[in-house]
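Structure, as structure tokens:
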Amino acid sequence: MDPRSIELLEFPLVRARLAERTSFAPSRRLAEALAPESDPVLVARGLDETDEARALIEEKPGVGISGARDIGPAIERAARGGRLDAEQFLDVWATLDAVALLKPHLADARRPLQRELGRLLHPLPAISSTLARSFDPAGELLDTASPRLGGLRAAVRVAFDRLRRRLESLVGSAELGSALQEPIVTLRNGRYVVPVKAEAKGRVKGIVHDASGSGQTLFIEPLVVVELGNAWREAQVAEKEEVDRILDELSALVGANAVPLRETLGALARFDLWAAKGQLAGEMGATRPETTKRQEVELLSARHPGLTGRVVPTDIRLGDGFTALVVTGPNTGGKTVTLRTLGLLSLMHQAGLHIPAAGGSRLPVFKDVFADIGDEQSIAQSLSTFSGHMRSIIRIVDAAGPGTLVLLDELGAGTDPTEGSALAQALLDHFIKAGALVAATTHYAELKAYAHTTPGATNASVEFDIETLSPTYRLTIGLPGGSQAFAIAERLGLPGVLVADARSRLSEAQQTFEATLARIREVEGETTESKARAREAEVRAGEALRAAAEERRRAQQARADTERIAREQAVRIVDELRTELELARKALERGTLTVPAIDAVLERAEDRLDRLPSAAKRRARAATGDGGAATKAASSGPPAWHVGDMARSTAGGWTGRIAELDTSKQRATLEAGAMRISVDLADLERADDVNPPATGGASGTNVAQLRLARSRSVPMSLDLRGARVDEALTALDRYLEDASLAGLARVTVIHGMGTGALRDAVRSDAAAHPLVKTVRAGERGEGGDGVTVVEVG
């Protein structure tokens, strides 16, 4: 894309902010090289990267590449056969540790790009463990670095101890005491020596290694310790050779793994860049705009990312009904900020960054973005402001076409107003015909009229507060803005006589035009207020509807809870009554049943039945044999059904309790144990004379018939891919009931991978279903995590 326009629109400042949020040099270099793309596929991928990184940061704030180092130079040195130093080995070790910590977090199936990136991260545990047993955290080579190193270091220590003890005995002896300047041992040229007075050198036989500046002291290695010194030096040389061999071997190990290490370093840099993009988006309160294939721009509550303090958001539209936007208004009114915001947010979008705008914003992928903003005057090239602008615009004219965005600040300025406005109109005509989207700022009244009358063009104005003499930065599309020169001059204290004189010098046409604009603005203001009030009323109405719906839901839930409690209470009391009657029957068989005992049983039964709601009471009486009233009512005409009544379907032979009623559709749901079926009310007849099994289940005949019919039509799997969550859960509940009736012990629900929302909803709903025993993810060969295997009870 056009590099000059990228600079003018201040995209490098956004890149710098992004680079500040990276963690190490490789990702910083990527951030500093980030550029807008013109390929929709690359733009979408960049935005997906930001989406996934932002989601990961919000879910796991501590995830990152902490501890990773720029090991690129070390990798290349080792690959060429060079020897690495201890610090470089520590950097490789720390980087591999960071990889081992990060890699598991990138395996989430919900984030395919991060999962793909995770496959490029190689922890290389063999290298990591080798370095861990070779170096301590300070970079010192450990004795365990090789089998020989520990022994060689022990030999050095032993040789040194022998040398030290012999020297200390010499220094403390009477033989040398008077010949020494000081009773000390010191080091010269890697050899241990004693300081001997120059005049006493004949008393100390040995090798002179150094002398003091005055010549009064000679540093002599006594002959009696030369052999011990040689032994110590030989041990040191052997140790150094082993250390060098170890470093060469470890360097060769790093060099042999140069390819996976390069791949790992690149993946770390890319992930850190993604994380920086996500962090920047969060700090700016940015959102991902919709990428539209049409050449339309709609920015809602857009904010320029370079502004600080209280930033007033603005709405910008372009391309929907008009391809040229002429922005007018006073100086310092925010016209240029509008252009920069439009251009910079377009570049950010195409660089894969979220933009500081409200959700619902839409942007196309431009082939190129061109801008002519700012003072183009150049003393060095002897160019006036007008000439500088023209040189830039000529370049844009040659390149602009379909799929390009053109931003022109103060179009036609810097020359005679008549000629400048005519030239500006010609340029706008050219860009409209070329198929480009163009936004331009101007002060010329002629351009306001041009935008009002030209198809494909429209006016826009940046509001200005005359009372405070400050811009509001709100953009109003459809209306031109005034320069407010007279009003600003008057507010600043210019005498009214001079302002009136200036107004009188306007042509009659100009005065008429300005008066018309004022009337249009007034009407527009009233319309805007009316629209705002209508929107507020709509919001309030929506809130009221939502509140009513919530209240209705709560009432339905309360009713359902009440019915459930009543059913449970009825079942419990029926069980108690059955127990009482069974005890009474056994007492009667034994001949021990007395009249008072019978009266007590009946009294307790009546007391329990009186405590039940009416529907549960009828059901309980039917269950204990008192169904005469119900039978009588059934014979007198079409019955009035209630939830809890016992009924039989004449169409299918199904018998059970009414669990749900839908009088509007004339349907009822019969329930027998864990089985339910929907039937027509017209097919129902009273079944109060039927005693269901103690478990509340259906008769064996019903179960056998239903399972035979269902088993012929119910498949072993349910495919929910592509369904919305609410549709999927409705279908799942119906399928599990059918599978239970069909006698299927295990079924498979296919939901696919996707974002994981449908999968989680299916597993949660199935786990809570009363007909389900167990729920698990599919194994390899069954569909993996894209399916859920359900064991039906």
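Numbers for the structure displayed
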read-out: Net charge, SER212 excluded, C-beta distance under 14 Å - Lys, Arg +1, Asp, Glu -1; value: 0
read-out: For segment 77-141, alpha-carbon Rg over 2.2 N^0.38 Å; value: 1.34
read-out: At R0 = 35 Å, FRET efficiency that the Cβ-Cβ distance of ARG29 and ASP726 yields, to 0.05; value: 0.15
read-out: Solvent accessible area, Å² - PHE219, 1.4 Å probe, full protein context; value: 30
read-out: Fully extended contour minus Cα-Cα distance, from ARG474 to GLU685, at 0.36 nm per residue; value: 68.9 nm
read-out: Heavy atoms of THR144: accessible area, 1.4 Å probe, square angstrom to 10; value: 90
read-out: HN-Hα J in Hz across segment 43-59 - Karplus 6.51, -1.76, 1.60, θ = phi - 60°, x for Gly and Pro; value: 5, 4, 5, x, 5, 4, 4, 5, 4, 5, 5, 5, 5, 5, 5, 5, 7
read-out: From phi via Karplus (6.51, -1.76, 1.60), per-residue ³J(HN,Hα) for segment 547-555 in Hz, x at Gly/Pro; value: 5, 5, 4, 5, 5, 5, 4, 5, 5
read-out: Accessible heavy-atom area order of GLU582, GLU49, GLU779, highest first, probe of 1.4 Å; value: GLU779, GLU582, GLU49
read-out: Distance between modelled label sites at ARG780 and ALA16, nm, 7 Å Cα→Cβ extension; value: 5.3
read-out: Nearest-0.05 FRET efficiency for ASP320 and THR418, computed from C-beta distance (R0 45 Å); value: 0.85
read-out: Proportion of all alpha-carbon pairs of segment 83-216 beyond 21 Å (%); value: 65
read-out: Rounded to whole Hz, the Karplus (6.51, -1.76, 1.60) HN-Hα couplings of segment 69-83, x for glycine and proline; value: 10, 7, 9, x, x, 5, 4, 5, 5, 5, 5, 8, x, x, 9
read-out: 5 angstrom amide H check on ASP315, placed H, neighbours 5+ away; value: SER301, ALA302, LEU475
read-out: Accessible surface, segment 98-185, averaged per residue in Å² (probe 1.4 Å); value: 53
read-out: Using a Förster distance of 51 Å, the FRET efficiency for ALA211-ARG115 (Cβ separation, nearest 0.05); value: 0.10
read-out: For GLY206, distant residues with modelled amide H under 5 Å away; value: LEU223
read-out: Distant-in-sequence amide H partners of VAL772 (H built 1.01 Å from N, under 5 Å); value: GLY793
read-out: Distant alpha-carbon pairs in segment 13-152 (separation over 27 angstrom), percent; value: 35
read-out: Over 19 Å between alpha carbons, listed pairs LYS335/LYS367; LYS335/LYS448; LYS367/LYS433; LYS277/LYS367; LYS60/LYS103; value: LYS335/LYS367; LYS277/LYS367
read-out: Value of D in µm² per second that Stokes-Einstein yields for segment 1-67, Kirkwood Rh from Cα pairs, at 37 °C (0.692 mPa s); value: 241
read-out: Spin-label model distance (nm) - ARG535 vs ALA256, 7 Å beyond Cα toward Cβ; value: 6.8
read-out: Three-way shape call for segment 142-183 based on the alpha-carbon gyration tensor, with the a/c threshold at 1.5; value: prolate
read-out: For segment 184-308: Kirkwood Rh in Å [reciprocal of mean 1/r, alpha carbons]; value: 22.5
read-out: Area of GLU419 that stays accessible when all protein chains are in place (1.4 Å probe, Å², to 10); value: 120
read-out: Cut-off 17 Å, label 7 Å out along Cα→Cβ of LYS201, residues of segment 217-240 by amide N; value: 217-223
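The values are calculated or read from the model by the stated rules, or taken from the named source; none is laboratory data. From a predicted model like this one, the values you see are computed outputs, not experimental measurements. Note that we place each Cβ from the backbone using ideal geometry, even for glycine, and neighbour counts take in every protein chain shown. Just so you know, the surface numbers come from the protein's heavy atoms only, side chains and all, with ligands and any DNA or RNA stripped out. Shrake-Rupley method; radii C 1.70, N 1.55, O 1.52, S 1.80 Å.
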